Every structure is written in structure tokens, then in C-alpha cells.
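Notes to accompany the following structure.
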Amino acid sequence: MAAGMSAQETLGAAPSADAIEAHARATIERLPAAFRAHLGDVVLLVEEEADAETLAALDIEHPLDLSGVYVGRPVGEKSAFDSGAMPDRIHLYRQSILAEWCETGVRLDDLVAHVTIHEIGHHFGLSDDDMHALEAAVGD
């Protein structure tokens with residue numbers, strides 16, 4: 001079995017939402033402790049695809065064009081007045097991730113790690129360069 005792949009993935013079945021979540025959680029576990037410490041209240045959700053409201057809010061026409069989204073306020077923008085607000089959420093969209101996986105041939109665990117770290121980066125208000133550095137730090 002190829003490294004980073006489940007038996008389901010090597011047998012040709014489309015990876016489940018649970019498999020994608022497992023890859024995302026493994027990525028989070030590899031983050032530096034300073035980052036993990038600030039993710040305790042962030043909810044990770046794996047859904048089939050983005051809903052129409054999310055797509056419209058981001059001005060995206062097709063659900064396969066969105067593989068993940070962070071919903072919440074970046075850590076540096078939070079205040080004591082945020083009590084009662086919905087918890088921050090990272091949404092990963094299975095169908096979009098699977099489509100990109102098939103199109104690119106990138107290992108699924110690497111692709112999920114990339115999307116997960118990108119959304120975590122939004123939680124921390126990181127630049128694209130910072131997100132790439134974090135992704136490199138998490139790499140195998």
C-alpha cells in the first residue's frame with residue numbers, strides 16, 4: 001500500500017469524508033505546538049460540496065472550484081465582545097478535493113494537507129508565503 005493511503009484508496013473506491021477528515025486531522029497533529037494551541041475551538045467539517053450561499057458569498061460559480069473555506073474571525077481580530085458567536089470553522093469539500101486529486105495526481109494526503117493548512121492560515125491571518133512555510137514545516 002502506498003504511503004499515506006488507506007486500503008480504500010488503493011482499491012479504487014473514492015475516499016470517504018471520514019478518510020479526508022483523518023488526513024486533515026493528521027496534518028493538524030503535525031503542526032508546531034504554537035499553532036495547535038490556538039486551534040482547540042476551531043471545528044473541522046468535511047462536506048460533500050459548498051452550499052449555494054457559501055459559493056455566492058465568495059462569488060464562485062461552481063462547487064468544484066472551492067476545496068475549502070475558513071469561516072470565522074482570524075486570531076488577531078478576536079475580542080472579548082465575540083462571546084456568543086458561532087465557533088470558527090474549517091470546511092473541507094470532498095467532491096472538490098477528489099476532483100483535484102484526480103486531475104493533478106497529487107497524493108491525497110498531501111492535497112488534503114495543503115487545503116487544511118491554507119484554511120488554518122486564514123484562521124491565523126497568515127500571508128500566502130507564511131502558509132507555504134507552515135506547509136513545508138508540516139511536510140513529511
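Things worth noting here:
- Residues (of a type in the set (A, V, I, L, M), over 23 Å from Leu55 (Cα atoms) and open to solvent by 40 Å² or more (accessible area, probe 1.4 Å)) located in the range 84-132: Val106
- Residue pairs whose Cβ atoms lie under 6 Å apart, sitting 6 or more positions apart in sequence or on different chains, and linking a residue in the range 121-140 that is under 17 Å from Arg30 (Cβ atoms) and of a type in the set (Asp, Glu) to a partner that is at pLDDT 80 or above and surrounded by 13 or more Cβ atoms within 10 Å (Cβ to Cβ), are Glu135/Ile117.
- Test: residue in the range 23-33 that is assigned to a helix (DSSP H, G or I), more than 14 Å from Asp88 (Cβ to Cβ), in contact with a Leu (Cβ under 7 Å, 6 or more places away or on another chain) and open to solvent by less than 60 Å² (accessible area, probe 1.4 Å): yes
- Among the candidates Glu48, Glu61, Glu135, residue that is over 18 Å from Ala17 (Cα atoms) and either modelled with pLDDT of 95 or more or surrounded by fewer than 17 Cβ atoms within 10 Å (Cβ to Cβ) (or both): Glu61
- Boolean, Val71 is hydrophobic (A, V, I, L, M, F, W, C), touching a His at 6+ places or on another chain (Cβ under 8 Å), surrounded by fewer than 19 Cβ atoms within 10 Å (Cβ to Cβ) and modelled with pLDDT of 85 or more: yes
The values are calculated or read from the model by the stated rules, or taken from the named source; none is laboratory data. A quick note: this is a predicted structure, and the numbers were derived from the prediction, not measured. Backbone-built Cβ (ideal geometry, glycine too); neighbour counts: all protein chains shown. Surface areas here come from the heavy atoms of the whole protein model, side chains and all, with no ligands, DNA or RNA. Shrake-Rupley method; radii C 1.70, N 1.55, O 1.52, S 1.80 Å.
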